[in-house]
Amino acid sequence: MTLKTFLLGLLLAMFAAVMTAGLVVFGNAWLNDKPDGPVRSMLSRSAQEKDDMEFVEIKNLVVTLKNDQGRERYLLLELGLGTAGEQQKKRVENYIPVIRGTTVDVLSAMTYAEARNLSVGEIRELLMENYQKSFERNDRSLPFEKVIISKLVFQ
């Protein structure tokens, strides 16, 4: 290996390193200058959605279920309602009585056996459908996107 070959290789390696560093700096500046650009939105969309999601908890929702044997049966339920930000979170907090009432209406119409045979996912879908209907009847949009059942206890 001659000195000339070594120097040419070193020069090429330095050139590649400088070009790489320059492209990194340029790309970073480009992403920061265009917050709504296509690359920026693709990279940050999922992180932004996760940051914006907030939950409102509704605890200790007790529902009396119908029972054929005359014995009273209860269902204890705790919900988490997923909202897209602080403004929607406040709307959900204002509508908690409507949400509680709709939940009690839907579940208290069921017998213990019917409620017991539903999966958590089916109960969540049933509640979401009825929340949508309830808000539509009052000419309101649903202030949350998700219903999460955090506790479900049959007694």
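The values are calculated or read from the model by the stated rules, or taken from the named source; none is laboratory data. Predicted, not measured: the structure shown is a model, and the values here were computed from it. Virtual Cβ from ideal backbone geometry, glycine too; neighbours counted across all protein chains shown.
Any idea which of K151, K133 is touching a Lys or Arg at 6+ places or on another chain (Cβ under 9 Å) and surrounded by fewer than 18 Cβ atoms within 10 Å (Cβ to Cβ)? Every option except K151 fails the conditions. Residue-level analysis places T64 outside the set of residues that are closer than 16 Å to I148 by Cα and in contact with a helix residue (DSSP H, G or I) (Cβ under 7 Å, 6 or more places away or on another chain). For the list (1) more than 19 Å from N138 (Cβ to Cβ); (2) modelled with pLDDT of 90 or more; (3) assigned to a strand (DSSP E or B), I need the number of the one condition that V56 fails. The number of the failed condition is (1). Put simply, of S150, S134 the only residue that is touching an Asp or Glu at 6+ places or on another chain (Cβ under 6 Å) and touching a residue at least 12 places away in the same chain (Cβ under 8 Å) is S150.
I'd like to check something: does segment 116-129 contain any residue that is modelled with pLDDT under 90 and buried (at least 16 other Cβ atoms within 10 Å of the Cβ)? No.
For segment 96-118, check the following and say yes or no: at least one residue is more than 16 Å from T64 (Cα to Cα) and among the aromatic types (F, W, Y). The answer is no, given that none of the residues of segment 96-118 is more than 16 Å from T64 (Cα to Cα) and among the aromatic types (F, W, Y). Within segment 83-131, the set of residues being over 17 Å from the mean Cα position of the chain (by Cα), more than 15 Å from V62 (Cα to Cα) and not in a helix (DSSP H, G or I) comprises Y95, L118, S119.
Here's the yes/no breakdown for (1) surrounded by 15 or more Cβ atoms within 10 Å (Cβ to Cβ); (2) of a type in the set (V, I, T); (3) at pLDDT below 90; (4) assigned by TED's automatic domain parsing to the domain that holds E145:
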position: L65; (1), (2), (3), (4): yes, no, yes, yes
position: E72; (1), (2), (3), (4): no, no, yes, yes
position: L76; (1), (2), (3), (4): no, no, no, yes
position: G101; (1), (2), (3), (4): no, no, no, yes
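Out of all the residues in segment 69-86, is one or more among the basic types (K, R), within 15 Å of K146 (Cβ to Cβ) and touching a Ser or Thr at 6+ places or on another chain (Cβ under 9 Å)? The answer is no; no qualifying residue exists.
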